[in-house]
Amino acid sequence: MFIVLKILVSAFVIAFVTELASKNQTLGGLLAALPLVSILSLLWLAKEGMSTNGLREFLRNVMYGLPVTFVILLAIWLALRYVSVSMALVIGVLCGSCYVIVHRLFNVA
């Protein structure tokens, strides 16, 4: 039953942000930029009884995802000037993947 609640709350947050963005791009963009998924995940994990150390490890790993997220979003933003949305998404994911590969090749900590 708890998983149904998690799905409903998470879906509501996503639907709310996208509906808001369709009416007010500035406010929608600001809300979308918030780490809503990370916060929701943290809340669900804490509710399920994960230890404080486990939560800290989870958040540390979330921080590793921030640079690649920035690369993907920047690539999509730049690509949208010249190509369709679907092609911009592909370009963004490819740029993010290249970032991860280079990061791992050079063992950047």
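Here, each number is a calculation from the coordinates, and none is a lab measurement. Only a predicted model underlies this, so the values are computations on that prediction, with no experimental measurement involved. Please note: Cβ atoms are built from the backbone with ideal geometry, for glycine as well, and neighbour counts cover all protein chains shown.
Annotations for the structure displayed:
- Take each peptide in 71-82, 21-32, count the other Cβ atoms within 10 Å of every residue, and average; sorted highest first, the result is 71-82, 21-32.
- Projected label points at ALA33 and LEU74, each 7 Å from Cα along the beta carbon direction, are separated by 1.5 nanometres.
- Here the Karplus curve 6.51 cos²θ - 1.76 cosθ + 1.60, taken at θ = phi - 60°, turns the phi angles of the range 33-49 into couplings of 6, 5, x, 4, 5, 5, 5, 4, 4, 4, 4, 5, 5, 5, 4, 7, x Hz, with x standing for Gly and Pro.
- The modelled label-to-label distance between ALA21 and LYS47, using points 7 Å beyond Cα along the C-beta direction, is 2.4 nm.
- Label assignment, P(r) over Cα pairs in 5 Å bins from 0, in percent derived from the structure, set (i) 2, 11, 14, 16, 20, 17, 13, 7, 2, 0; (ii) 2, 11, 22, 22, 16, 12, 8, 4, 1, 0; (iii) 2, 10, 12, 13, 13, 12, 10, 8, 7, 5, 3, 2, 1, 0: (i)
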